[in-house]
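A short worksheet on the structure shown next.
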Amino acid sequence: MNNLKKTITYTVISLTVFVLVWQLYISIFDVPAFILPSPVTVGKEMINQITQVSFYKNMLYTLSEVLLGFALSIVFGLLIGYFIGKHPHIKRLSMPLLVFFQVSPKIALIPIFIIWFGLGYGSKLFVVFIMSFFPIIESILLGLGNISKEMYEYMKILKANRIQILTQLEAPCCIPYILSSFKVGIIQAIIGATVAEWMAGQLGIGYLQSFASSTFNSPLLITGIAFTILLGILLYGGVTLLEHHFQRYQEVKQ
Amino acid sequence: MTMIEMKNISKSFTSTNGERIQAIKDVSLSVEKDEFISIIGPSGCGKSTLLRILSELQEYDSGEILFHDENLKDNLGFVFQDSVLLPWKSVYENIVMPLKIKHMETPETLAHVEELLDLMNLKEFRNSLPKELSGGMKQRTSIARSLSYNPKLLLMDEPFGALDAMTRDHLNLELRRLWKQTKKTILFVTHDIEEAVFLSTRVVVLSNRPSTIHDIVTIDLPEERTLELRDTPDFINYVSRLRGMLNEQS
């Protein structure tokens, strides 16, 4: 509890210093508002936004893309990852493709996803899905690969069935790797969703930013950025809480 | 009473460069109830392979294995060289895990686990995680775990091979006591001749590859075995006889 208080105190101090330096810079160098608005202007715009229904529509739109796309990538990532991991030949066959998709700049693929899945919700969902899908597959392959031959032999001695091997050995051994991939995946998912919204469509926090940018509405742009960051922190925090819950399985990594 | 009869067991492997290697050839051995049999032999001769065949971790090419009690085969204990404990489970959870898998968690079996914790001096470590344990403690846990479901047959594959001499002596004493108290039949693979003589009722000496049984020596030493026994002429005689046999092999 004491630690939490300290963290909060330090966070408040560093944010305050940041805003002060920002305000000072604008006051001293007399920066025009369309290049960098003052914290006060941005603060006003934030209040203006959170009193409007359209803002919540945009936030919820992005949030639902991220959550639904992420959920789909978890379901398919876990199933396909486990299937690949348990079949050495399929693993060897799919490895080049996995590496290809893992290193390909997925942001650059968004235009083609828009062509395939349209300007609306579908293309964004697919971007989020593809962003977090590959890290999850990779994490399962890593987790399964780290289980020693002796562990499997021990299960065999006990005459454990396949389900027991999955629940008692393989799942616990994969959990820490899967959670790490969630951390990477959820941030990637938010980046993917907002960038896709910039490029097409008329809703979402990313659309709000692209609209603000094209109309030189810098206070709105910075507000959009701030709320994207807030969304990221909340979701990342959620995954961290999950990781905390499964703390014990981190032993697998040692 | 005979528990297991192995008749003419042979097994060969294909090595990484494609050669056929005959690991075991025509091994016949019968194991009596309540015996403590050690298997020694030159390194790489297939001692472990024999245990792995018995426990169905490996197949064999020809021969026959007769279990005089079918239940034995599905309910044997196996102790690996590495303790193979699950790192996220405590000592107690690790020991109880086989009972969970075998759906054998009853008040009686759980009471038996308490006895095992006591017997293996693990009481105060019951809530520790494996990483907090010394090598000896880990192996104690591993042994207790293999006994949790009360198997009649215990197979041990160099369980003390990675431990220091002091810990090893200590565990030898405890294993011998455990064997007498719990009335198990134990097959014990080791490369340590003294350990084999100290623990066993019989020592099986395997030859170099392809392994056959070179000789079986019955150890006729007092039932009550203490570390001092190792300085008696009888003990030293057994050791040098076995060492002589092994030297012939290599």
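The values are calculated or read from the model by the stated rules, or taken from the named source; none is laboratory data. This one's a predicted model, so the numbers in the text were calculated from it and none came from an experiment. Cβ: placed from backbone, ideal geometry, glycine included. Neighbour counts: every protein chain shown.
Using the structure shown, decide if A:GLY185 is closer than 30 Å to A:GLN49 by Cβ, surrounded by 18 or more Cβ atoms within 10 Å (Cβ to Cβ) and assigned by TED's automatic domain parsing to the domain that holds A:SER73. Yes, satisfied.
For the stretch A:168-182, enumerate the residues that are facing chain B (nearest Cβ under 9 Å) and free of Cβ contacts under 8 Å to residues at least 24 places away in the same chain. Result: A:GLN168, A:LEU169.
Conditions tested, residue by residue: (1) in contact with a Pro (Cβ under 7 Å, 6 or more places away or on another chain); (2) of a type in the set (Lys, Arg).
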site	(1), (2)
B:ARG177	no, yes
B:VAL189	no, no
B:PRO210	no, no
B:HIS214	no, no
B:LEU242	no, no
B:LEU246	yes, no
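Of all residues in the stretch B:187-218, those that are at pLDDT 90 or above, assigned to a loop (DSSP other than H, G, I, E, B) and in contact with a helix residue (DSSP H, G or I) (Cβ under 6 Å, 6 or more places away or on another chain) total 1.
Scan the stretch A:42-81 residue by residue and report those that are in contact (Cβ under 8 Å) with a residue 60 or more places away in the chain and among the hydroxyl-bearing types (Ser, Thr, Tyr). The answer is A:TYR61, A:THR62, A:SER73.
Looking across the stretch B:219-231, the residues that are surrounded by 12 or more Cβ atoms within 10 Å (Cβ to Cβ), in a loop (DSSP other than H, G, I, E, B) and out of contact with any strand residue (DSSP E or B) (no Cβ under 9 Å at 6 or more places or on another chain) come down to B:LEU221, B:ARG225. Is it the case that some residue within the stretch B:64-84 is at the interface with chain A (Cβ under 9 Å from one of its Cβ atoms), over 18 Å from B:ARG140 (Cα atoms) and not hydrophobic (A, V, I, L, M, F, W, C)? The answer is yes, given that some residue of the stretch B:64-84 is at the interface with chain A (Cβ under 9 Å from one of its Cβ atoms), over 18 Å from B:ARG140 (Cα atoms) and not hydrophobic (A, V, I, L, M, F, W, C).
Within the stretch B:12-40, being part of a loop (DSSP other than H, G, I, E, B) and at negative phi holds for B:SER15, B:THR16, B:ASN17, B:GLU19, B:LYS33, B:GLU35.
Checked against the criteria, A:ALA226 does not count as surrounded by fewer than 22 Cβ atoms within 10 Å (Cβ to Cβ), within 14 Å of another protein chain (Cβ to nearest Cβ), in a helix (DSSP H, G or I) and among the small types (Gly, Ala, Ser). Examine the stretch B:165-181 for a residue that is of a type in the set (Gly, Ala, Ser), within 19 Å of the chain's Cα centre (by Cα) and under 30 Å from B:HIS112 (Cβ atoms), and state whether such a residue exists. No, that holds for no residue. The residue of the stretch B:96-114 that is nearest to the other protein chains (Cβ to nearest Cβ), among those that are acidic (Asp, Glu) and in a helix (DSSP H, G or I), is B:GLU108. On inspection, B:LEU242 fails the criterion of being closer than 22 Å to A:TYR154 by Cβ, outside any loop (DSSP other than H, G, I, E, B) and at pLDDT 90 or above.
Determine whether the stretch B:130-147 contains at least one residue that is closer than 21 Å to B:LEU54 by Cα, touching a residue at least 60 places away in the same chain (Cβ under 8 Å), among the hydroxyl-bearing types (Ser, Thr, Tyr) and not assigned by TED's automatic domain parsing to the domain that holds B:ASP69. Yes; the residues of the stretch B:130-147 include at least one that is closer than 21 Å to B:LEU54 by Cα, touching a residue at least 60 places away in the same chain (Cβ under 8 Å), among the hydroxyl-bearing types (Ser, Thr, Tyr) and not assigned by TED's automatic domain parsing to the domain that holds B:ASP69. When A:LEU119 is tested against (1) surrounded by 15 or more Cβ atoms within 10 Å (Cβ to Cβ); (2) of a type in the set (A, V, I, L, M); (3) not in a helix (DSSP H, G or I), only condition (1) is not met. Tallying residues that are within 9 Å of another protein chain (Cβ to nearest Cβ) and assigned to a helix (DSSP H, G or I) within the stretch A:147-162 yields 7. Within the bounds of the stretch B:8-26, is there any residue that is farther than 24 Å from A:LYS159 by Cα, crowded, with 19+ Cβ neighbours inside 10 Å and among the β-branched types (Val, Ile, Thr)? Yes, because at least one residue in the stretch B:8-26 is farther than 24 Å from A:LYS159 by Cα, crowded, with 19+ Cβ neighbours inside 10 Å and among the β-branched types (Val, Ile, Thr). One residue stands out among those in the stretch A:6-42 that are under 20 Å from A:LEU221 (Cα atoms) and among the polar types (S, T, N, Q): the one that is surrounded by the fewest Cβ atoms within 10 Å (Cβ to Cβ), which is A:GLN23. Criterion first (modelled with pLDDT of 95 or more and within 12 Å of another protein chain (Cβ to nearest Cβ)) does A:ILE165 satisfy it? Judged against the criteria, A:ILE165 is a match. Do we have any residue at all in the stretch B:121-131 that's over 20 Å from B:LEU86 (Cα atoms), at pLDDT 90 or above and not in a loop (DSSP other than H, G, I, E, B)? No, there is no match, as no residue in the stretch B:121-131 is over 20 Å from B:LEU86 (Cα atoms), at pLDDT 90 or above and not in a loop (DSSP other than H, G, I, E, B). On inspection, B:PHE125 passes the criterion of being more than 13 Å from chain A (Cβ to nearest Cβ) and either on the phi > 0 side of the Ramachandran plot or in contact with a Leu (Cβ under 9 Å, 6 or more places away or on another chain) (or both).
Check whether at least one residue in the stretch A:191-201 is within 12 Å of chain B (Cβ to nearest Cβ), surrounded by fewer than 22 Cβ atoms within 10 Å (Cβ to Cβ) and part of a helix (DSSP H, G or I), and report yes or no. No, the stretch A:191-201 contains no residue that is within 12 Å of chain B (Cβ to nearest Cβ), surrounded by fewer than 22 Cβ atoms within 10 Å (Cβ to Cβ) and part of a helix (DSSP H, G or I). So, B:GLU115, is that one more than 19 Å from B:VAL79 (Cβ to Cβ) and among the charged types (D, E, K, R) or not? For B:GLU115, the condition - more than 19 Å from B:VAL79 (Cβ to Cβ) and among the charged types (D, E, K, R) - is not met.
When the stretch B:85-95 is limited to residues that are closer than 21 Å to A:SER148 by Cβ and not hydrophobic (A, V, I, L, M, F, W, C), the one that is nearest to the other protein chains (Cβ to nearest Cβ) turns out to be B:PRO87.
Residue count for the stretch A:72-100 satisfying the condition of being loosely packed, with under 15 Cβ neighbours inside 10 Å and in contact with a helix residue (DSSP H, G or I) (Cβ under 6 Å, 6 or more places away or on another chain): 1.
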